[in-house]
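Some notes on the structure that comes next.
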Amino acid sequence: MVKIFLDSAKLNEIEKVKSWGLLDGVTTNPSLIKKASDEFGGNIEEYIKKILKVAKGKPVSLEVIGNTYKEMVAEGEELFKKFNRFGKNVYIKIPVNPSFDESSEGDFDGIKAIKTLSKKKIPVNCTLIFTPEQALLAAKAGAKFVSPFVGREDDFIRKKYGVSFSKDDYFPAEGQRKKGKVLEDEGIVSGVDLIKETRKVFDREKIKTKILAASIRNKEEFRECIIAGADIITAPFDIIESLVNHFKTAEGMKDFTKDIVPEYKKLVDG
Ligand code: G3P
């Protein structure tokens, strides 16, 4: 069954999702660590240990910050050595391409780092995936998870064609039209389409690497990523919290409560 990860470094959110019995894993990145920084109380090391203990046995992704092969491997090893013993659950997050220059040919530092860490049995979550080809390369290098960035793919397509939007706006899975033309990026028409196409490649190639849909912005996208074939969805706390709600569910509860006859109440009270 599809797994639900929490995309947050906030301990209170991790504990809450765990208390609902829904925590299959946690994803963090430097931006999410920054968002949680008020809660460290000055000691990030102890804070991360607490996260790992709460999520014991469930994958917790910790991202490297370097952008050379050497740095990423050294940091990945360090994070794994320092933290894995607390919950046996550290996954090292490596960007598929750490270069700041999108047009540079690069020297595949991300892919090489994934290969080295994977050979050392350090599990890798390859992040910042925007094409099925990037996902394929990461899988070939041995990544356990690949993380296509669904919401950011939608943002990019809209920006590219000058469509104004706000971050949480729904973006149609089948793509958006402008002047009769479907907007796209490298043949991908939406973040959900990125998941769908990656799924096709992985199924065709019988790849075992899990597709982890990241950068999820709303409930519809959460559902569409499952239908598109994601193995794991990582979502922010507010989205996971909203999954259980519906107006008609609450309305139905009020109606049923109003209709309880005393005999039925007596029966259930015992
Ligand atoms: O897991 C990646 C995620 O944290 C990025 O989300 O909404 O900043 O694109 P977002």
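What follows draws every value from the coordinates through simple rules; no lab data is involved. What you see is a predicted model, and the numbers here were worked out from it, not measured in a lab. Cβ coordinates were reconstructed from backbone atoms using ideal geometry, including for glycine residues, and neighbour counts include every protein chain displayed.
Points to keep in mind about this one:
- Relative contact order [Cα under 8 Å, 6+ residues apart], the chain, whole percent: 16 percent
- Entries in Lys50/Lys208; Lys93/Lys115; Lys81/Lys144; Lys16/Lys254; Lys144/Lys200; Lys58/Lys121 that, when Cα-Cα distance is taken, lie over 20 Å: Lys50/Lys208; Lys16/Lys254
- Residues in segment 25-68 reached by a label modelled at Asn12 [backbone nitrogen below 11 Å; 7 Å Cα→Cβ]: 39
- Dipole moment magnitude, nearest 20 debye, segment 3-269 about Cα centre, only Lys, Arg, Asp, Glu C-beta charged: 880 debye
- Partner aspartates and glutamates for Lys10 [C-alpha distance under 20 Å; skip if fewer than 8 residues away on the same chain]: Asp24, Asp38, Glu39, Glu45, Glu46, Glu63, Asp238, Glu241
- A Förster radius of 22 Å combined with the Cβ-Cβ distance from Lys120 to Lys140 puts the calculated FRET efficiency at roughly 0.80.
- Cβ-Cβ distance of Lys258 and Glu220, R₀ of 30 Å, FRET efficiency by 1/(1 + (r/R0)^6): the value works out to about 0.40.
- Rounded to 5, percent antiparallel among DSSP beta bridges of the chain: 10 percent
- Simple label model, 7 Å out from Cα along Cβ direction - Glu251 to Ser103, nm: 5.5 nm
- What the Cβ-Cβ distance of Asp238 and Glu46 gives, at R0 = 25 Å and to the nearest 0.05, is a FRET efficiency of 0.40.
- Segment 218-269 versus segment 139-162: alpha-carbon centroid distance in Å: 29 Å
- Prolate/oblate/rounded label for segment 1-65 (Cα gyration tensor, a/c 1.5): prolate
- For the chain: span of alpha carbons on each principal axis (Å, largest first): 74, 55, 38
- For the residues Val124, Val64, Val163, a GNM of the chain with alpha-carbon springs under 10 Å puts the largest fluctuation on Val163.
- Remark: the Met1-Tyr161 segment gains 53.9 nm on full extension, using 0.36 nm per residue and subtracting the alpha carbon distance.
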